[in-house]
Amino acid sequence: MSSGFDRKIPRGGTASVKHDGRAAYFGTADVLPLWVADMDFAAPEAVTRALAERAAHPVYGYSFYPDSLYDALTGWLKNRHGWTVQRDWIVMAPGVVPSLFATVMACTRQGEGVIVQPPVYHPFFSAVTTNGRRLVENPLRLENGRYTMDFDHLEQCAAGGARLLLLCSPHNPVGRVWRSAELEEILRIARRYDLAILSDEVHADLVYPEARHTALATLAGAHDRLITAVAPSKTFNIPGLGLSSLIVPDPAQRDALRKIFDSLHVANTNPFSIAAFEAAYRGGEAWLDSLLVYLRENRDFVGDYLRTHLPGIRLIQPEGTYLLWLDCRGLGMNDAELREFFVRQAGVGMNPGISFGQGGSGFMRLNIASPRNVISAALQRIANALHPPGPARATR
Ligand SMILES: Cc1ncc(COP(=O)(O)O)c(C=O)c1O
């Protein structure tokens with residue numbers, strides 16, 4: 001089947017951070033943009049149709065969240081993740097990152113400890129530090145090419161008085177999809193030390209066939225202080241529309257979060273976000289299934305290419321997400337040299353691993369949610385830069 005995902009859609013001139021923001025981030029626009037976590041693919045037709053229909057109505061007034069939107073979300077969580085969510089547990093939020101910040105404010109006080117598990121998506125750090133909380137790091141362990149959690153150390157962090165764990169599940173950038181046994185261990189520690197948990201499950205729908213995402217909440221009990229962030233943004237490539245949901249079974253946590261959103265007057269949204277959110281969850285499933293096939297092929301394509309042509313770069317085999325974590329330590333460069341090499345010599349714009357904190361040094365994050373010929377061109381650029389064909393350096 002020829003895939004619509006092969007189509008190259010020009011994104012320049014759309015105020016795209018990934019494309020139009022290259023010069024600002026990399027110091028040059030002459031890099032293939034494989035960084036920011038959005039996809040270069042068209043959103044599902046169900047979404048573009050719903051947006052076009054809404055745009056055709058020429059009044060764009062204040063909007064609330066209709067019942068049908070909650071139904072679409074609870075239906076998706078039930079059907080896709082076997083998770084029954086009650087409507088009154090849902091707190092709508094502008095995005096997952098604002099939700100991380102709000103959760104830190106709602107669940108902890110100034111100076112209290114919040115645990116993060118680096119290397120991890122960078123706003124996890126700033127959600128803690130910009131709010132005057134204490135960053136408590138429980139680094140992931142890398143053994144034989146696979147990341148695991150250090151539960152003994154996590155327990156020490158909790159015992160040391162940390163009040164909240166920010167869990168990334170599936171994990172960006174290392175691509176782990178946490179197994180039930182690992183999640184159970186987290187819950188055990190949280191119960192023992194009365195630790196609240198924010199489980200960021202924004203990548204939950206983007207999981208490869210060999211793994212299965214377990215919503216932490218499906219293992220939790222009524223007394224666990226668990227907040228889960230979910231969104232259609234990564235799944236259906238609509239992150240620019242900025243809408244997500246927090247699932248908060250505990251009424252006290254829910255009230256605290258609502259107060260924070262109300263205090264900023266961000267409890268409402270816009271008509272386009274609502275239309276896209278609902279249409280994606282109702283009509284996007286077949287598109288998602290095709291996307292997952294395409295992403296898996298891209299992932300395997302990168303893995304094969306690296307093994308064959310670039311043995312100095314090792315793929316940490318991801319179980320989920322379209323973000324590949326590349327172990328570049330075999331290239332023998334420090335972080336500044338790596339950045340310089342990929343940007344200036346290869347012309348490939350990836351996120352430096354070091355920006356994900358401890359344990360990220362020597363790594364790069366590659367976004368594979370682009371047409372395969374773009375990914376292939378990026379790999380060839382890297383190979384040419386490392387091993388220039390002939391006496392002269394290859395030009396791009
Ligand atoms: C783990 C994680 N959480 C949150 C986000 C962003 O969420 P939002 O755009 O809804 O703020 C990302 C984007 O890369 C992410 O990887």
Discussion item. Take the conditions assigned to a helix (DSSP H, G or I) and either surrounded by fewer than 23 Cβ atoms within 10 Å (Cβ to Cβ) or at pLDDT 95 or above (or both) and apply them to LEU198. Does it pass?
Written reply: no
Item to complete: Would you check if SER169 is within 12 Å of the ligand (Cβ to nearest atom) and either free of Cβ contacts under 8 Å to residues at least 60 places away in the same chain or surrounded by fewer than 22 Cβ atoms within 10 Å (Cβ to Cβ) (or both)?
Response: yes
Discussion item. Go through (1) more than 25 Å from VAL174 (Cα to Cα); (2) in contact with a helix residue (DSSP H, G or I) (Cβ under 6 Å, 6 or more places away or on another chain) for ARG109 and report which single condition fails.
Written reply: (2)
Item to complete: Among the numbered conditions (1) over 29 Å from GLU278 (Cα atoms); (2) in contact (Cβ under 8 Å) with a residue 12 or more places away in the chain; (3) among the aliphatic types (A, V, I, L, M); (4) more than 14 Å from the ligand (Cβ to nearest atom), tell me where ALA181 comes up short.
Response: (2)
Worksheet item: Does at least one position in the stretch 218-228 carry a residue that is closer than 16 Å to TRP89 by Cα, within 14 Å of the ligand (Cβ to nearest atom) and modelled with pLDDT of 95 or more?
Response: yes
Discussion item. For the stretch 92-106, which positions are more than 18 Å from the chain's Cα centre (by Cα) and surrounded by fewer than 22 Cβ atoms within 10 Å (Cβ to Cβ)?
Written reply: MET105
Response to the item:
Wholly inside the stretch 119-160, strands (runs of 3 or more DSSP E) that include 3 or more residues that are more than 18 Å from LEU195 (Cβ to Cβ) and at pLDDT 95 or above are 141-143, 146-148
Discussion item. I need the full set of residues from the stretch 234-277 which are within 16 Å of the ligand (Cβ to nearest atom), assigned to a loop (DSSP other than H, G, I, E, B) and under 20 Å from ARG87 (Cα atoms), in order please.
Written reply: LEU243, VAL266
Worksheet item: What single numbered condition from (1) in contact (Cβ under 8 Å) with a residue 24 or more places away in the chain; (2) under 29 Å from LYS259 (Cα atoms) fails to hold for GLY132?
Response: (1)
Practice prompt. Give the residue, chosen from THR308, THR395, that is surrounded by fewer than 18 Cβ atoms within 10 Å (Cβ to Cβ), modelled with pLDDT under 95 and of a type in the set (Ser, Thr, Tyr).
Written response: THR395
Item to complete: Please find, within the stretch 27-57, the residue that is farthest from the chain's Cα centre (by Cα) out of those that are among the charged types (D, E, K, R) and within 16 Å of the ligand (Cβ to nearest atom).
Response: ASP40
Worksheet item: So which helices (runs of 4 or more DSSP H) stay within the stretch 285-396 end to end and still have 3 or more residues that are over 21 Å from ASN144 (Cβ atoms), touching a residue at least 12 places away in the same chain (Cβ under 8 Å) and out of contact with any strand residue (DSSP E or B) (no Cβ under 6 Å at 6 or more places or on another chain)?
Response: 285-309, 372-386
Worksheet, complete the sentence: Flagged pairs (Cβ under 7 angstrom, 6 or more apart or on separate chains; first in the stretch 107-118, in a loop (DSSP other than H, G, I, E, B); second modelled with pLDDT under 95) are PRO118/GLN358
Response to the item:
Of the residues in the stretch 25-69, those that are among the hydroxyl-bearing types (Ser, Thr, Tyr), surrounded by fewer than 19 Cβ atoms within 10 Å (Cβ to Cβ) and either within 30 Å of ILE375 (Cα to Cα) or touching a strand residue (DSSP E or B) at 6+ places or on another chain (Cβ under 9 Å) (or both) number 4
Worksheet item: Would you call GLY283 away from the ligand (no atom under 16 Å from the Cβ), on the phi > 0 side of the Ramachandran plot and either of a type outside the set (Ser, Thr, Tyr) or surrounded by 18 or more Cβ atoms within 10 Å (Cβ to Cβ) (or both)?
Response: no
Response to the item:
With criteria (1) crowded, with 16+ Cβ neighbours inside 10 Å; (2) modelled with pLDDT of 95 or more; (3) in the same structural domain as LEU246 (by TED's automatic domain parsing), GLY82 comes up short on (1)
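The values are calculated or read from the model by the stated rules, or taken from the named source; none is laboratory data. Computed from a prediction, not measured in an experiment: that's the story for all the values here. Cβ atoms come from the backbone with ideal geometry, glycine included; neighbour counts cover every protein chain shown.
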